[in-house]
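Novice: One structure coming up, written as structure tokens, with questions to follow.
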Amino acid sequence: MTGAAGAGKSCLQQTAAEKCGKSGILAASYFISSTDPTRNTVEPIIPTIAYQLGRKNKHLKSLINAVIEEDPLIFDQSLEAQTTAFIVEPFQHMKRTGANLHDLPYVILIDGLDECTSTDPKHKAEDRQAELLTAIRRCLLENDLPFRIFIASRPELAIYTALQPGGHLHDLAYHIQLNKHDATADMRRYLWSRFKDLGLRMKDPQWFSEDEVETLVKAGSGQFIYVATVYNFISEPRSSPRARLDIVLTWTPREGQAARPFEALDTLYYRILSAAKEAYEAVDTHQGRNFLLLFRVHHVNISSYFRIGHQHFIHYPADRLSALLCLEPQSEETLISDLRSLAVHETLGQGPDNVHLRLYHKSFSDFLEEPSRAKDLFVPESQVNMHLAKCMMQYIIECPLGSLPAKLGEIPLLRRCLEDAVDNLPHFLASPTTALDDEEVVGFTQNGGWQKVDKLIPPLMYDQAEGSAARDCCGCQGVCHKVEG
């Protein structure tokens, strides 16, 4: 089961564990937590599952104990070796001796796989997560054992890759995707129930309105963690629920503000975004890149568009924006490899020009736009516009004029990107939201940038087949010549 951050995966796993426990079919459960150092790595998972299995059957317990007595260093071996020694071989021994394995509890629950970290600097967290998934497949799913295994995780790199076509779990797992489930009704019921309970405590059942509940549900963007966070803030026992509800409904961030109703959400977003930044910038081919800046460029592209004038807004398809940023093809997918619990690229029609980034949480977009919430992860919009303007200048300077006519026909993306750069660069440079250093513009001019723009206009703006002019200028109303001057 995968889902966005805060979609309710752990809550569902906890409910599954309780129900399976009551019905006598729960063999073992393990809840991973990145904030708990005793259960935020993969090392304890297999031994803990084995321990819980042993508690369900005395014969199995004795077989597991014998493994430890024979090899006390088993805990230092690979996860696959541990799974084989602690679970596979004891169960196979019981099967050979005539035990009915189907009488044993068979459900194994693992929650929060994405929260597994790595204590070994030689291995990334996703490597350890992938190692656990591989051990589960090779040992528990391919040895005719009775287990049914239910794993919940954000769709980060290891599990996302395993579930994709060609991944080693694609044909074996039944994949529940919570992102395809609209939790709006559940969120509404949750708030109504909790607010009514608060009303009993306050002796005022009319302390909230239906419209206020609907406002909170809408702000949650279908993500349960939002309403849960709001309720935890409102239900603080030493304060007035009515006063705290008003704070949430009217809250806008201000310097030095004491009330922080979304602090739990902000902590979650900060942790995920920081980890994604670290993983992306650790790749050798990404050396020198600013992950936060690149992601913020894509975010501004979908949240507010690029504002380069009073009434001039620009929006780009995801692949074209990556090309304008002078990045390799498919770099937009690489950028969100570790943010799949918060964002996804969606195709809104046919063709590459219809692929766009979408954030699951509106509250995540609010987090990115507010420095008091994002803190040192905040990237101002002026820096975004400045970086895109620099990239457009680089794109124009590096464009090969000699082979351009042939390439324009062969590479449609090149044509579209050059049109964007030639059309929009003057607007970016003239915009008050682009805090570009004068030296950057001078360097572009001295490198023949504006002369190159003049040479690019004919092949870009004229229809090659008809030989007729589509238009006779770049549409900038003379801004480019003013900048050059």
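The values are calculated or read from the model by the stated rules, or taken from the named source; none is laboratory data. Model, not experiment: these values are computed from the prediction. Every residue, glycine as well, gets a Cβ built from its backbone with ideal geometry; the counts of neighbours run over all protein chains shown. These area figures cover heavy atoms from the full protein model, side chains too; ligands, DNA and RNA do not enter into them. Shrake-Rupley method; radii C 1.70, N 1.55, O 1.52, S 1.80 Å.
Novice: Compute the relative contact order of the chain as a whole-number percentage, counting only Cα pairs closer than 8 Å that sit 6 or more residues apart in sequence.
Specialist: 12
Novice: Now, a different point. Using 18 Å as the cut-off for backbone N distance, which residues of segment 143-164 belong to the label zone defined by a point 7 Å from the Cα of Asn232 along Cα→Cβ?
Specialist: It comes to 154, nothing else.
Novice: Describe numerically, in nm with one decimal, the distance between label points set 7 Å from Cα along Cα→Cβ at Thr119 and at Gln206.
Specialist: Placing both labels 7 Å along Cα→Cβ, they lie 6.0 nm apart.
Novice: If you take the Cα atoms of segment 1-142, find Rg, then find the Kirkwood Rh from the mean of 1/r over all pairs, what is Rg/Rh?
Specialist: 0.97
Novice: Expressed in nm², what is the orientationally averaged projection area of the convex hull enclosing the Cα positions of segment 15-62?
Specialist: That works out to 4.0 nm².
Novice: Apply the a/c threshold of 1.5 to the C-alpha gyration tensor of segment 69-131 and tell me whether it is rounded, prolate or oblate.
Specialist: oblate
Novice: OK, next. Work out how much length Asp171 to Gln287 would gain on full extension: take 0.36 nm times their residue separation and subtract the Cα-Cα distance, in nm to one decimal.
Specialist: Full extension of this stretch gives 38.1 nm more.
Novice: With respect to the cross-link table entries Lys22/Lys277; Lys203/Lys375; Lys58/Lys122; Lys124/Lys362, which display a Cα-Cα separation exceeding 32 Å?
Specialist: Working: Lys22/Lys277 42 Å; Lys203/Lys375 40 Å; Lys58/Lys122 39 Å; Lys124/Lys362 30 Å.
Checking Cα-Cα distances, Lys22/Lys277; Lys203/Lys375; Lys58/Lys122 exceed 32 Å.
Novice: In sequence order, what are the phi-derived ³J(HN,Hα) couplings for segment 419-424 according to the Karplus relation 6.51 cos²θ - 1.76 cosθ + 1.60 with θ = phi - 60°, rounded to whole Hz, with x for glycine and proline?
Specialist: Rounded to whole hertz, the list is 4, 4, 5, 5, 5, 9.
Novice: First compute the accessible area of the chain with a 1.4 Å probe, then give the percent of it belonging to carbon and sulfur atoms.
Specialist: Within the chain, the accessible surface is 51 percent carbon and sulfur.
Novice: With the crude spin-label approximation of a point 7 Å out along Cα→Cβ, what separation in nm comes out for Thr48 versus Thr15?
Specialist: Distance between label points: 2.3 nm.
Novice: In whole Å, what are the extents of segment 116-218 along the principal axes defined by its C-alpha atoms, from largest to smallest?
Specialist: 58, 34, 25
Novice: Show which lysines lie in cross-link reach of Lys455 when reach means a straight Cα distance below 26 angstrom and same-chain residues fewer than eight apart are skipped.
Specialist: Cross-link targets: Lys390, Lys407, Lys482.
Novice: Could you give me the ³J(HN,Hα) list for segment 289-298, computed from phi with Karplus coefficients 6.51, -1.76, 1.60 and θ = phi - 60°, whole Hz, x at Gly and Pro?
Specialist: So the Karplus estimates, Gly and Pro as x, are 7, 9, 4, 4, 5, 4, 5, 5, 4, 5 Hz.
Novice: Right, next: What whole-number distance in Å separates the alpha-carbon centres of segment 26-87 and segment 112-147?
Specialist: So the two Cα centres are separated by 13 Å.
Novice: Run the quick spin-label model on Ser33 and Ser372: label points 7 Å from Cα toward the beta carbon, then report their separation in nm to one decimal.
Specialist: Computed distance between label sites Ser33 and Ser372 equals 3.0 nm.
Novice: If R0 is 30 Å, what FRET efficiency do you get for Arg242 and Ser303 from their C-beta distance, rounded to 0.05?
Specialist: For R0 = 30 Å, the calculated efficiency reads 0.40.
Novice: I would also like to ask the following. Seen from all sides and averaged, what is the projected area of the convex hull of the Cα atoms in the chain, in nm²? Show your work: numbers first, answer last.
Specialist: Values: hull surface 120.2 nm².
That works out to 30.1 nm², a quarter of the Cα hull's surface.
Novice: Next question. In whole angstrom, note down how far apart the Cα centers of segment 1-17 and segment 211-229 are.
Specialist: So the separation of the two Cα centres works out to 17 Å.
Novice: Please compute the contact order of segment 47-196 in relative form: average sequence separation of alpha-carbon pairs under 8 Å and at least six residues apart, divided by the residue count, as a percent. Please report the intermediate quantities before stating the final value.
Specialist: Working: 127 pairs, mean separation 29.9, N = 150.
Relative contact order, segment 47-196: 20 percent.
Novice: Hey, another quick one. Taking the mean number of other Cβ atoms within 10 Å as a proxy for protection, how do you rank 120-131, 438-449, 287-298 from highest to lowest?
Specialist: Answer by packing, highest mean first, reads 287-298, 120-131, 438-449.
Novice: Another question about this same structure. Got a sec? Which residues in segment 157-177 would a label at Ile25 touch, if it sits 7 Å along Cα→Cβ and we count backbone N under 20 Å?
Specialist: The answer is 172-177, whose backbone nitrogens lie closer than 20 Å to the label point.
Novice: Determine the per residue accessible area of the chain with all protein chains present and a 1.4 angstrom probe, expressed in square angstrom.
Specialist: 50
Novice: Collect residues whose amide H, placed 1.01 Å from N in the peptide plane, falls under 5 Å from the amide H of Asp111; neighbours closer than 5 in sequence don't count.
Specialist: Tyr30, Phe31, Ile32, Ala152
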